[in-house]
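Visitor: Input: one structure, supplied below.
The values are calculated or read from the model by the stated rules, or taken from the named source; none is laboratory data. These figures come from a predicted structure and were not determined experimentally. As a convention, Cβ positions derive from the backbone with ideal geometry for all residues, glycine included, and neighbour counts pool all protein chains shown. Just so you know, the surface numbers come from the protein's heavy atoms only, side chains and all, with ligands and any DNA or RNA stripped out. Shrake-Rupley method; radii C 1.70, N 1.55, O 1.52, S 1.80 Å.
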Amino acid sequence: MAHLMSTSCSIKISSSYRPCGQPLSQDRTVLPNSFTIKTSKSPFKRLVSKGHRAGRSCVVLATAAPVSKEVSANPRSGSDRSPNDSSKPQRVMVIGGDGYCGWATALHLSNKGYEVAIVDSLVRRLFDHQLGLDSLTPISSIHNRLRCWKAITGKTIELYIGDICDFEFLSETFNSFEPDAVVHFGEQRSAPYSMIDRSRAVFTQKNNVIGTLNVLFAIKEFREECHLVKLGTMGEYGTPNIDIEEGYITISHNGRTDTLPYPKQASSFYHLSKVHDSNNIAFTCKAWGIRATDLNQGVVYGVKTDETSMHEQLYNRLDYDGVFGTALNRFCVQAAVGHPLTVYGKGGQTRGYLDIRDTVQCLELAIANPAKPGEFRVFNQFTEQFSVNELAALVTKAGQKLGLDVQTISVPNPRVEAEEHYYNAKHTKL
């Protein structure tokens, strides 16, 4: 496992590209011009492209058009096998594969020999345009990303553009790709975004909860043996004054003992949506026999994996703003530009952290060792724990080695949270 204090990260920002796709300056759009957007109940429904232009390296399908005869006439190697057939590569659908964790995971699994499909509405890119934000690292369009991956590795990642809240789209995607495992990253993932106003709180709850429900129903109706690997969050637990167990806790009360789901104390509408997801998944595992793994992940840092380092057009996101950027990312950028590190309140807020390289390894482990039918597993996924003050100290020390004069200031905390608390979370299953 990679460790924060021993990890060095170099970021190369280039305006000129080697010939592995189009220049970055040509793909700063949310959607390619070839897509037509039809009005529907879902704002991201029916983004249509048949994907059969000469030179295409990825298959793009959407709900408004059925799978073409050209595609169906050439079935993929795994289209007729059962999920338990180990003779052929396992087929993994990565929902939210254009995002930070999803992109790194999709490339990692493809590189390991899995057959991978990305399902994404590209709404994360729209958030940046709406809020005037941008990644510090240059991000190419999803189409150029996949063309570059194909050119470098010879491996094809299929692409389905659409909204999983639209069950028609999701159904066609399941029937087309026939996944053995679904990695579900396709949610609005920012607590600050969910707290901006009513509309964004409602969007977060609707997008996350309904999208996950649709995935559960799709597995039930079309791929009963499919293993769901769902990204949860350590934030579901809150900061209780007892040790945080992995998903369940054994309680003795009035002479009787039972093992129950660990109490949840979410601190935002985003974290509450994750709690709702966990409850819905647990129920469907019990009622329908679905197999699922809930990965309660800590704060992820880093931009480099073996795969994203192969070319500039494969770069991953580095968000440093106040909405999507983590405290660590903000501190690093503040130190680099000479701005004091802004610690919220007393700075004792403590969380679990892990490197993006550990994230993709954890996902691969969960997929390779699936849950049993009817089993709802919960893994706490992090490698180290740090308070905000400890993060500031680490960045200050690293800045000094680079000759930077890094200062730290305390600012009023915009969040309702404990600024000094006990925090000891278990993470033994991975």
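Visitor: Tell me which residues, restricted to the stretch 329-349, are out of contact with any Asp or Glu (no Cβ under 8 Å at 6 or more places or on another chain) and either crowded, with 22+ Cβ neighbours inside 10 Å or modelled with pLDDT under 95 (or both).
Guide: PHE331, CYS332, ALA335, LEU341, VAL343
Visitor: Something else about it: Does THR173 satisfy being surrounded by fewer than 23 Cβ atoms within 10 Å (Cβ to Cβ) and among the hydroxyl-bearing types (Ser, Thr, Tyr)?
Guide: no
Visitor: Quick check, is ILE164 crowded, with 24+ Cβ neighbours inside 10 Å, within 18 Å of the chain's Cα centre (by Cα) and either closer than 16 Å to GLN313 by Cβ or in contact (Cβ under 8 Å) with a residue 40 or more places away in the chain (or both)? Working first, answer last.
Guide: Numbers: crowded, with 24+ Cβ neighbours inside 10 Å: yes; within 18 Å of the chain's Cα centre (by Cα): yes; either closer than 16 Å to GLN313 by Cβ or in contact (Cβ under 8 Å) with a residue 40 or more places away in the chain (or both): yes.
For ILE164, the condition - crowded, with 24+ Cβ neighbours inside 10 Å, within 18 Å of the chain's Cα centre (by Cα) and either closer than 16 Å to GLN313 by Cβ or in contact (Cβ under 8 Å) with a residue 40 or more places away in the chain (or both) - is met.
Visitor: Take residues that are of a type in the set (Val, Ile, Thr) and farther than 27 Å from ASN111 by Cα and tell me which of the strands (runs of 3 or more DSSP E) falling wholly in the stretch 351-430 contain 1 or more.
Guide: Working: elements: 376-381, 384-387, 408-411.
Qualifying strands (runs of 3 or more DSSP E): 408-411.
Visitor: From the residues in the stretch 406-426 that are of a type in the set (D, E, K, R) and touching a strand residue (DSSP E or B) at 6+ places or on another chain (Cβ under 8 Å), which one is farthest from TYR353 (Cα to Cα)?
Guide: Keep residues of the stretch 406-426 that are of a type in the set (D, E, K, R), which gives 415, 417, 419-420, 426.
If we keep only those that are touching a strand residue (DSSP E or B) at 6+ places or on another chain (Cβ under 8 Å) as well, we get 415, 419, 426.
Details: ARG415: 20, GLU419: 18, LYS426: 13 Å.
Only one residue tops the list, namely ARG415.
This table checks each residue for (1) within 18 Å of the chain's Cα centre (by Cα); (2) touching a residue at least 40 places away in the same chain (Cβ under 8 Å).
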position	(1), (2)
SER171	no, yes
GLU178	no, yes
VAL182	yes, yes
SER190	yes, yes
VAL202	no, no
ILE210	yes, yes
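Results for (1) in contact (Cβ under 8 Å) with a residue 60 or more places away in the chain; (2) surrounded by 24 or more Cβ atoms within 10 Å (Cβ to Cβ); (3) hydrophobic (A, V, I, L, M, F, W, C); (4) farther than 19 Å from THR305 by Cβ, shown as yes or no for each residue.
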{"position": "LEU109", "(1), (2), (3), (4)": "yes, yes, yes, no"}
{"position": "TYR114", "(1), (2), (3), (4)": "yes, no, no, no"}
{"position": "ASP128", "(1), (2), (3), (4)": "no, no, no, yes"}
{"position": "GLY132", "(1), (2), (3), (4)": "no, no, no, yes"}
{"position": "THR137", "(1), (2), (3), (4)": "yes, no, no, no"}
{"position": "ILE142", "(1), (2), (3), (4)": "no, no, yes, no"}
{"position": "ALA151", "(1), (2), (3), (4)": "yes, no, yes, no"}
{"position": "GLY154", "(1), (2), (3), (4)": "no, no, no, no"}
{"position": "ILE157", "(1), (2), (3), (4)": "yes, yes, yes, no"}
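Visitor: For the stretch 291-305, check the following and say yes or no: at least one residue is out of contact with any Cys (no Cβ under 9 Å at 6 or more places or on another chain), surrounded by fewer than 22 Cβ atoms within 10 Å (Cβ to Cβ), of a type outside the set (Lys, Arg) and farther than 26 Å from ASP197 by Cα. Even if it seems obvious, please write down each step before you answer.
Guide: Restricting attention to the stretch 291-305, the residues satisfying the condition of being out of contact with any Cys (no Cβ under 9 Å at 6 or more places or on another chain) are 293-294, 296, 298-299, 305.
Add one more test, that the residue is surrounded by fewer than 22 Cβ atoms within 10 Å (Cβ to Cβ), and what stays is 299.
Right, trim to of a type outside the set (Lys, Arg) and you get 299.
Still in the running and farther than 26 Å from ASP197 by Cα: none.
There is no residue in the stretch 291-305 that is out of contact with any Cys (no Cβ under 9 Å at 6 or more places or on another chain), surrounded by fewer than 22 Cβ atoms within 10 Å (Cβ to Cβ), of a type outside the set (Lys, Arg) and farther than 26 Å from ASP197 by Cα.
Visitor: Out of the residues in the stretch 306-326 that are surrounded by fewer than 20 Cβ atoms within 10 Å (Cβ to Cβ) and among the aliphatic types (A, V, I, L, M), state the one that is nearest to ILE244 (Cα to Cα).
Guide: My answer is VAL323.
Visitor: Let me ask something additional. Among the residues of the stretch 177-213, write down those that are farther than 15 Å from PHE127 by Cβ, surrounded by fewer than 18 Cβ atoms within 10 Å (Cβ to Cβ) and of a type in the set (S, T, N, Q).
Guide: GLN205
Visitor: Would you be able to say whether some residue in the stretch 269-289 is surrounded by fewer than 22 Cβ atoms within 10 Å (Cβ to Cβ), under 25 Å from THR383 (Cα atoms) and among the β-branched types (Val, Ile, Thr)?
Guide: Within the stretch 269-289, one or more residues are surrounded by fewer than 22 Cβ atoms within 10 Å (Cβ to Cβ), under 25 Å from THR383 (Cα atoms) and among the β-branched types (Val, Ile, Thr).
Visitor: Now, a different point. Among the residues of the stretch 214-254 satisfying the criterion of being open to solvent by 60 Å² or more (accessible area, probe 1.4 Å) and among the aliphatic types (A, V, I, L, M), which is farthest from ASN279 (Cα to Cα)? Talk me through it step by step, then tell me what you get.
Guide: Just the residues of the stretch 214-254 that are open to solvent by 60 Å² or more (accessible area, probe 1.4 Å), to begin with: 217, 220-222, 224-225, 241-242, 248, 250-254.
Filter once more, keeping what is among the aliphatic types (A, V, I, L, M): 242, 251.
Working: ILE242: 22, ILE251: 19 Å.
The selected residue is ILE242.
Visitor: Sticking with this structure for a sec: Pick out the one residue from ALA292, ALA282 that is of a type in the set (Gly, Ala, Ser) and part of a helix (DSSP H, G or I). Walk me through it before giving the result.
Guide: Numbers: ALA292 fails: part of a helix (DSSP H, G or I).
So the residue among ALA292, ALA282 that is of a type in the set (Gly, Ala, Ser) and part of a helix (DSSP H, G or I) is ALA282.
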